[in-house]
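Notes for the one structure printed next.
The values are calculated or read from the model by the stated rules, or taken from the named source; none is laboratory data. For clarity, every value in this text was computed on a predicted model and none was experimentally measured. Neighbour counts run over all protein chains shown; Cβ positions are idealised from the backbone, glycine included.
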Amino acid sequence: MSDHSHSHDKGGFHAHSPEEVSKHVKVYLTVFIALLIGTVVTVALNYLHFESKALTIAIALLVATVKATLVACYFMHLISEKKMIYLILGFTTFFCIGLMALTLFSYADFPKNTVTH
Amino acid sequence: MEIPYTSKPRPDTGIYNAKVGIWLFLASEVMLFGALFSSYILLRVGAPDGTWVHGMLNIPIGTFNTFVLITSSVTVVLGWAALQLGNFQRYKFYQAITILCAVAFLGIKSFEYADKFKHYEVWLKTPVTVKHGDKEVQTDRLLGHIEYQGKHPYFWNTHRLAGTPEVRDKDGKVIKAAVPAVEAFKFTVDPIHYTMSPKEMAQARAAAKGHKHEEIEIKSTDVKRLQAFVPAHSTYFAIYFTMTALHGLHVLGGALVIFYIWGPGAKMWKTDPQRYINRVEVSGLFWHFVDLVWIFLFPIIYLL
């Protein structure tokens with residue numbers, strides 16, 4: 001077989017070398033464990049009932065963001081993607097932040113003495 | 001017409017077309033869920049004190065379901081990795097676990113939904129004294145379960161208590177039988193209410209542990225409002241059901257596609273293996289996205 005990590009010998013598909021794949025599998029399993037730990041941490045912290053509501057929310061969202069990043073980077077392979085995909089996601093990020101920002105702006109602009117219920 | 005670049009990468013982008021396709025689709029999905037997440041934030045920060053429902057979902061069950069979904073995500077990539085080595089049997093094994101996890105997730109979610117549909121809040125015209133843990137409180141708002149004629153009814157509301165007359169068609173044939181009015185019903189009172197803080201709620205729950213929940217009789221004439229935990233109950237349950245049901249539909253759709261590729265669509269492995277691997281990858285990308293949405297949904301809906 002060739003010295004390259006990729007070869008084209010298996011019945012017309014792009015076969016990968018066993019070493020390369022087993023390296024990936026190790027990463028997948030590590031991420032899997034990290035996600036399980038992240039979930040346990042989020043739930044455990046919730047039972048502690050911090051005094052500060054802001055802190056509770058910040059920690060929960062921080063752990064969720066770390067977990068989401070792990071999934072996106074390793075399970076969805078964003079850590080090593082082609083430029084085209086990053087371009088699409090660049091636009092998505094921009095518009096998604098815009099969406100959240102507009103929501104917050106509208107909240108900040110809430111008329112005083114509005115009856116909400 | 002043959003679709004171009006289904007197996008080989010397109011020279012200018014460096015990727016096969018289906019991958020660009022799924023990422024464009026996922027971009028639109030991010031905006032769809034993003035809109036709902038921003039609605040959640042607005043509803044939540046706009047809720048006056050004591051009106052935001054919390055602590056009503058079963059956290060151990062939700063945590064377990066999170067584990068189920070994370071497991072299904074890792075089996076997708078493991079299956080895909082097995083295919084890259086040409087190990088079709090191992091791929092079949094891993095994706096079978098993925099599909100089972102998807103079914104388990106939906107099964108558990110349905111069980112949770114059904115549980116909400118027979119869990120109630122009742123607003124009374126005059127306050128009563130009930131136990132919240134070891135404290136006695138006077139309140140006109142109770143959470144709990146209805147028992148009526150030996151059954152725990154689903155989907156009741158204020159309107160149901162009054163009953164409905166029978167409905168006949170123009171020939172006088174009864175097409176819907178009359179539903180008799182409810183004069184009174186038994187109510188098993190929860191030792192908590194969501195107007196408490198999470199900490200007070202946990203303390204009241206702990207204090208009430210091992211004790212039988214209080215059972216009281218409520219006359220329909222004393223009821224100001226009765227509502228099961230359905231979207232009509234509150235903005236919390238409205239956004240809860242909207243987001244989890246939309247997410248659940250994604251789980252269902254993703255599972256159907258993965259099942260098709262795994263089962264009847266697996267013939268392609270013999271005829272065009274690279275294209276088959278790509279299909280597995282693309283369906284996997286969708287599946288991870290569904291997992292990713294849940295990673296945010298779980299804490300904001302169950303915990304915060």
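Side notes on the structure shown:
- The range B:133-158: number of residues that are over 16 Å from B:ARG225 (Cα atoms), touching a strand residue (DSSP E or B) at 6+ places or on another chain (Cβ under 8 Å) and assigned to a strand (DSSP E or B): 5
- Within the set B:LYS116, B:LYS92, B:LYS109, the sole residue that is away from chain A (no Cβ under 14 Å), farther than 18 Å from B:ALA245 by Cα, surrounded by 16 or more Cβ atoms within 10 Å (Cβ to Cβ) and not β-branched (Val, Ile, Thr) turns out to be B:LYS92.
- Restricting attention to the range B:1-44, the residues being assigned to a helix (DSSP H, G or I) and at the interface with another protein chain (Cβ under 9 Å from one of its Cβ atoms) number 16.
- Scanning the range A:60-89 for residues that are surrounded by 11 or more Cβ atoms within 10 Å (Cβ to Cβ), farther than 25 Å from B:PRO48 by Cβ and small (Gly, Ala, Ser) yields A:ALA64, A:ALA68, A:ALA72.
- For the range B:271-304, the tally of residues that are in a loop (DSSP other than H, G, I, E, B) and either crowded, with 20+ Cβ neighbours inside 10 Å or more than 7 Å from every other protein chain (Cβ to nearest Cβ) (or both) stands at 1.
- Which numbered condition B:GLU121 fails, given (1) closer than 19 Å to B:TYR240 by Cα; (2) in a helix (DSSP H, G or I): (2)
- Meets criteria (at positive phi and more than 7 Å from chain A (Cβ to nearest Cβ)) for B:GLY50: yes
- Residues that are acidic (Asp, Glu) and free of Cβ contacts under 8 Å to residues at least 60 places away in the same chain were ranked within the range B:68-124; the one that is nearest to B:SER283 (Cα to Cα) is B:GLU112.
- As a summary of the residue check, A:PHE50 satisfies the conditions (1) at the interface with chain B (Cβ under 8 Å from one of its Cβ atoms); (2) in a loop (DSSP other than H, G, I, E, B) except for the one numbered (1).
- B:GLY86, sole failed condition from (1) assigned by TED's automatic domain parsing to the domain that holds B:ILE277; (2) modelled with pLDDT of 95 or more: (2)
- The residues listed here are A:VAL43, A:VAL31; of these, the one that is buried (at least 16 other Cβ atoms within 10 Å of the Cβ), within 7 Å of chain B (Cβ to nearest Cβ) and either within 14 Å of the chain's Cα centre (by Cα) or part of a helix (DSSP H, G or I) (or both) is A:VAL43.
- Single residue of the range B:15-51 satisfying the filter (hydroxyl-bearing (Ser, Thr, Tyr) and buried (at least 18 other Cβ atoms within 10 Å of the Cβ)) that is farthest from B:TYR240 (Cα to Cα): B:TYR16
- Any hit, the range B:26-45, residues being among the charged types (D, E, K, R), under 22 Å from B:ALA255 (Cβ atoms) and under 27 Å from the mean Cα position of the chain (by Cα): yes
- Matching residues in the range B:209-241 - criterion: being touching a Pro at 6+ places or on another chain (Cβ under 7 Å) and either buried (at least 19 other Cβ atoms within 10 Å of the Cβ) or farther than 20 Å from B:THR129 by Cα (or both): B:PHE237, B:ALA238, B:PHE241
- Residue in the range A:43-50 that is out of contact with any Gly (no Cβ under 8 Å at 6 or more places or on another chain), under 30 Å from B:HIS54 (Cα atoms) and of a type in the set (Phe, Trp, Tyr) present: yes
- Where B:LEU161 falls short, out of the listed (1) within 32 Å of the chain's Cα centre (by Cα); (2) without any contact (Cβ under 8 Å) to a residue 12 or more places away in the chain: (2)
- Restricting B:ALA228, B:ALA208 to residues that are more than 13 Å from chain A (Cβ to nearest Cβ), within 23 Å of the chain's Cα centre (by Cα) and aliphatic (A, V, I, L, M) narrows the list to B:ALA228.
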